[in-house]
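Reviewing the structure listed below.
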Amino acid sequence: MRVSSAILGDSRVILLLLVVFLSLLSIERHGLEYGMDLVGGTSVILKVEGTCAKIKTNMDEGELKDLLEKETGVFVNVYKREDHLIPIEIMKLVDKEELESILKGKGEIVEFKKGAVFPITSDQIISTLQQRANWIGVKDIAIKPLKEKEYTLFISIEIAGREFQEARDVLTKTGKFEAKVVGRNVDGTEVNSLVFTGKDIQRVEAVQLIPPEYKEWRVPLTISEEGARRFAEATKNMALLQTDPKYLDGYLEIYVDDELKDRLRISADLKGRTQREVVVEGTAQDREGAYRNGRNMQVLLRSGALPVKVSLAREEYISPRLGEGFKKKAGIAGLVALAAIALVVFFFYRKTWISLPVISTLLSEVIIILGFASMIRWELDLPSIAGIVAAVGTGVDQQIIITDEVLREKRIPRGVSALVSRAFFVILGAALTTVAAMSPLLVLGFGRLKGFALTTIVGVLAGVLVTRPAYGRIITIVVENKMKKGEL
């Protein structure tokens, strides 16, 4: 039987060819997706301003929730008791000492994490941000949590290929909406009443630009009946404005994320009436800015507030031109690395029947990694490419182990196949060590290190399960053929 027929007829080689074919098919069908490093864009890290703890207490969940909300003044998630501990989530930053003071002997803090939320809340944050991104037309966006154990500490946002400035006000805002009636009653007492919140918004109309210059914008809202009743209650005793009796002596103040956005005069006709129609207004320097500001306000009001306040922790921008340059250089570096490996292997063994199978299986391994990334729609960035290079380097080491084992003891009676099997014990141990080292980075998901871990693990597993067995069989067939011919 010819050597080529023996190689192509082997089940391990057939498996390699099949996996390479499927990988190429996936790349052709789905293409490769590139991260911000290689196409440009903006990376933003948002810090969540919540507090998580696990409390050991005799109180039930309802009692604990009432106590915490009364003392902190914010919404508190209290989850079902697990292992005699009640997980709690306070929607603001709270010191451990403050929480201990609130409990006052009614409970013991077993676990505490400031600046964190549980996965359920982080999923809500990501869902809301994704919804906002869709409404303003941002397509190439990746939003994911950055975790420590079960806690989400940060939210990572990456927008590839476009500048972040246009979406900043939408994706970095909590979106907390409040409307207050502020003014003076007939008897001279002060009025400062919260009448509307984001929960009262039932409908948000399209942005309206006001002619003739279109530098002013407005977003009409429809408020719930309950909110309208609070408005009527707050205004029923208000005095008229002495300088202009058409208005009440006060304002309807609109706040977004505790920042005053608008102060609206209240018509005297609305005194004590259930007003459900409210208009949020603003101005800009030009028509484009007016539309953008109005649209951003519309999106914030439609999506509602995030369950917890977020703050901008880090922002990084890479221009598309610079990203394209990185991609070209990364491609060139990869080709140079493969060429260098080919030259080293050839000059070391000085035999094409060894160097060609080594390089062929390495190329196959790269194709398999890229095919897997394409299939799961993983964005390739610089750390991911570094992981591919690391996997290829590990692959060369393992193939050299197989080759040297075969060539060093080729005349032992038990045969070449047994030698290859012995080499695989060494290779398997090294592969498992690499996978074990990379797994924490993959599971914990610390930013871009996750890409490095993923491609390294996929490359190592592809090598152990597919390419290395195929290479071992190829080199076995070739060496046994050389031995029969007396060429070794």
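The values are calculated or read from the model by the stated rules, or taken from the named source; none is laboratory data. The structure presented is a predicted model; accordingly, all values stated were derived computationally and were not measured. When we count neighbours, we look across all protein chains shown, and the Cβ atoms used for this are built from the backbone with ideal geometry, even at glycine.
Restrict the check to the range 63-79 and report whether at least one residue is of a type in the set (A, V, I, L, M), part of a strand (DSSP E or B) and outside the structural domain of P383 (by TED's automatic domain parsing). Yes; the residues of the range 63-79 include at least one that is of a type in the set (A, V, I, L, M), part of a strand (DSSP E or B) and outside the structural domain of P383 (by TED's automatic domain parsing). When the residues of the range 256-270 are filtered to those that are closer than 21 Å to V299 by Cβ and touching a residue at least 40 places away in the same chain (Cβ under 8 Å), the one that is farthest from the chain's Cα centre (by Cα) is D258.
Of the residues making up the range 111-133, those that are surrounded by 14 or more Cβ atoms within 10 Å (Cβ to Cβ) and in contact with a strand residue (DSSP E or B) (Cβ under 7 Å, 6 or more places away or on another chain) number 15. Considering (1) under 30 Å from I376 (Cα atoms); (2) of a type in the set (F, W, Y); (3) more than 27 Å from the chain's Cα centre (by Cα), the lone condition that F196 does not fulfil carries the number (1).
Determine if the range 9-31 includes at least one residue that is charged (D, E, K, R) and closer than 30 Å to T121 by Cα.
Just the residues of the range 9-31 that are charged (D, E, K, R), to begin with: 10, 12, 28-29.
Subsequent filtering for residues that are closer than 30 Å to T121 by Cα retains none.
No: the range 9-31 contains no residue that is charged (D, E, K, R) and closer than 30 Å to T121 by Cα.
One residue alone among S384, S374, S360 is in contact (Cβ under 8 Å) with a residue 12 or more places away in the chain, farther than 21 Å from K329 by Cβ and assigned to a helix (DSSP H, G or I), and that residue is S374. Got a sec? Which of A431, A462, A436 is under 40 Å from the mean Cα position of the chain (by Cα), surrounded by 13 or more Cβ atoms within 10 Å (Cβ to Cβ), at pLDDT 75 or above and not acidic (D, E)? Testing whether each residue is under 40 Å from the mean Cα position of the chain (by Cα), surrounded by 13 or more Cβ atoms within 10 Å (Cβ to Cβ), at pLDDT 75 or above and not acidic (D, E) leaves just A462. Restricting attention to the range 43-81, which residues are of a type in the set (K, R) and under 27 Å from the mean Cα position of the chain (by Cα)? Within the range 43-81, K47, K54 qualify. Determine which member of the set R295, R302, R263 is over 17 Å from T222 (Cβ atoms) and either crowded, with 18+ Cβ neighbours inside 10 Å or in contact with a Lys or Arg (Cβ under 9 Å, 6 or more places away or on another chain) (or both). Testing whether each residue is over 17 Å from T222 (Cβ atoms) and either crowded, with 18+ Cβ neighbours inside 10 Å or in contact with a Lys or Arg (Cβ under 9 Å, 6 or more places away or on another chain) (or both) leaves just R295.
Within the range 246-292, the residues that satisfy the criterion of being in contact with a Leu (Cβ under 7 Å, 6 or more places away or on another chain) and of a type in the set (D, E) are D249, E253.
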